[in-house]
Structures are given as structure tokens and as C-alpha cells.
Amino acid sequence: MLSSSVEETVVDSGLYAACAGLIARSQALDLVANNLANVNTAGFRGQETTFQTQLASQLGATPSMLNLAVNDFGVLGGSRLDFAQGQIERTGNPFDLAIEGSGFFAVQTPGGVMYTRNGNFRVSTQGQLITSDGYPVLGDQGPVRVPPGDISISGDGTLSANGALAGKLRLVEFPSGTPLVSAGESLYSAPTAAARPASASRIQQGMLESSNVNAIASAVGLIGLQRNAESLQRAMSLFHTELNRAAVEDLPRV
């Protein structure tokens, strides 16, 4: 039979473990829900959760075997982008651009240069090529300007109007392992100077890349996370009840 102090340690640790697990599942639910909300967003890259363990122990104390066994909690370690190619679909709009490969378009935002694979572009009243949110699309010489005429955009991003060269879109790639961070609106930030001119990517005009989120798999994952969260909530309730019992029955005897 466990001693009173050991039993209390296990109950306390169980409550903390359930709480840590519930927080991690809640954060994962937010990521999966965001993926599902963007299942129809062109060029969207789904986010995958990563988990890690975290040992809780007193500062400076050598952890015992019991501490190692019951105080090793699972927490959300972060998330990573899924770089799998989405399906490319024809739209017929000359300003819809899809990227085949791992490249990104560069756009100018109030927060600096960001990167996107959402090629649902249009021409502003000032003649600039802009995103659906109004951010200028960047070329080799700054924001891309679109002259009147029959527009053609080649695989490397070269823009022509009525057969005459008019500019070139900035198409970039990132070395493997570059930490891209989602900034919302299908935009991603990257470390300074991490972008490299694309060498293995090509643009397809009149097409859009769909989100790479698998709606069915994400929905199933969402249901699983919800059930896990509900189980952890019940566990927290049981541990809380046990702590209350200990407070009522054991403390008066101290």
C-alpha cells in the first residue's frame, strides 16, 4: 500500500499531468481548426503539431525514480509546416499563378517582405500586381508593374505584355530546414537573407494551387483531439475530487 505522502504525490502529479495534457490538446485543436478553416484557401500550407516531454522537479533537487515516473509531462513543442504540393487547378485567369515545386512568391507587407504560394493576384488601379489582400507582389526590381496588353508570364516568372518584356516576378526557394513561420493570410515570414532564387520551381499561368490540407484526415484528427481533451477533463475532475477528499479527511488528523 502506498504511504500517505507518496499517494498525495501521485495524485498531485496526476492532476498536473492531466492539466498539461489538456493544455497541449487545446493548443493542437486550435492548429487543426485553423487548417480546416483554410482548406479552401489557395496555396495554404497546413501546420502539424509536435509534442515533447517536460520533467517537473524542484529546483536543484535530484529527481527520484518516483519523480521521474510521475512528473514527466507531455506538452506541445510547437508546429511545423507541411510542404507537400497542393493540387493545381486551371482557372483561365491570366493573373492566377500556381507554383510547381517548393518556391514562394515574395510580397511587400507593412511588416516587411513575406512569402506566399497563394497566386490569386490582380492588378491595382495603379497598375501594380497585388495579392487578394492588396499587398504588392515583388519582382527583381521591386513591386511588379503590369502594362496594358496581352499578359504572358513564363515558368521562371518573366512577364511580357504584347510580346515585349515588362519585368520578372521574384520566385524564391529556401534551404531545407529553414524555419518559416505562418503570419496569417497565407503569408509566411523567414529569417533575413534566407531566400534564394528559385532553381527547381516553375510558375504555371492561369492556374491556382489548392490548399494541401486533407479535409477528411483533419476532421478525423479534430474529433480524436476533442475526445482526448474530454477524457483529460474527466481525469482532472477525478483528481480534484480526490484532493478535496484528502483535505477533508486527512488534514484534520494532522
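The values are calculated or read from the model by the stated rules, or taken from the named source; none is laboratory data. What you see is a predicted model; the values in this text were computed from it and never measured. Glycine gets a Cβ as well: all are built from the backbone with ideal geometry, and neighbour counts include every protein chain shown.
Odds and ends about this structure:
Table: residues versus (1) at pLDDT 85 or above; (2) more than 20 Å from Asn120 (Cα to Cα); (3) in a loop (DSSP other than H, G, I, E, B).
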| site | (1), (2), (3) |
| --- | --- |
| Asp12 | no, yes, no |
| Ala17 | no, yes, no |
| Val32 | yes, yes, no |
| Leu59 | no, yes, yes |
| Asn67 | no, yes, no |
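- When segment 178-225 is filtered for residues that are on the phi > 0 side of the Ramachandran plot and either of a type in the set (Val, Ile, Thr) or surrounded by 14 or more Cβ atoms within 10 Å (Cβ to Cβ) (or both), the ones remaining, listed by number, are Glu185, Ser186, Gly206.
- Residue pairs meeting the criteria (Cβ under 6 Å; at least 6 apart or on separate chains; first without any contact (Cβ under 8 Å) to a residue 60 or more places away in the chain, in segment 174-191; second surrounded by 15 or more Cβ atoms within 10 Å (Cβ to Cβ) and in a strand (DSSP E or B)): Val181/Ser189
- Residues in segment 111-123 that are farther than 21 Å from Ser210 by Cβ and either modelled with pLDDT of 95 or more or assigned to a strand (DSSP E or B) (or both): Gly112, Val113, Val123.
- Among the candidates Val248, Val220, Val144, Val181, the residue that is under 23 Å from Gly111 (Cα atoms) and either at pLDDT 95 or above or not assigned by TED's automatic domain parsing to the domain that holds Gln128 (or both) is uniquely Val144.
- Enumeration of residues in segment 88-106 that are over 19 Å from Thr158 (Cα atoms), part of a strand (DSSP E or B) and touching a Gly at 6+ places or on another chain (Cβ under 9 Å): Arg90
- Within segment 123-140, no residue that is farther than 17 Å from Glu185 by Cα and not assigned by TED's automatic domain parsing to the domain that holds Gly157 sits with its Cβ atom under 8 Å from a residue that is surrounded by 20 or more Cβ atoms within 10 Å (Cβ to Cβ) and at pLDDT 95 or above at 6+ positions apart or across chains.
- Restricting segment 187-213 to residues that are modelled with pLDDT of 90 or more and of a type in the set (S, T, N, Q), the residue that is nearest to Thr91 (Cα to Cα): Gln205
For (1) basic (Lys, Arg); (2) in a strand (DSSP E or B); (3) farther than 20 Å from Arg202 by Cα; (4) more than 26 Å from the chain's Cα centre (by Cα), each residue gets a yes or a no:
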{"site": "Gln108", "(1), (2), (3), (4)": "no, yes, yes, no"}
{"site": "Leu138", "(1), (2), (3), (4)": "no, yes, no, no"}
{"site": "Gly155", "(1), (2), (3), (4)": "no, no, no, yes"}
{"site": "Leu159", "(1), (2), (3), (4)": "no, yes, no, yes"}
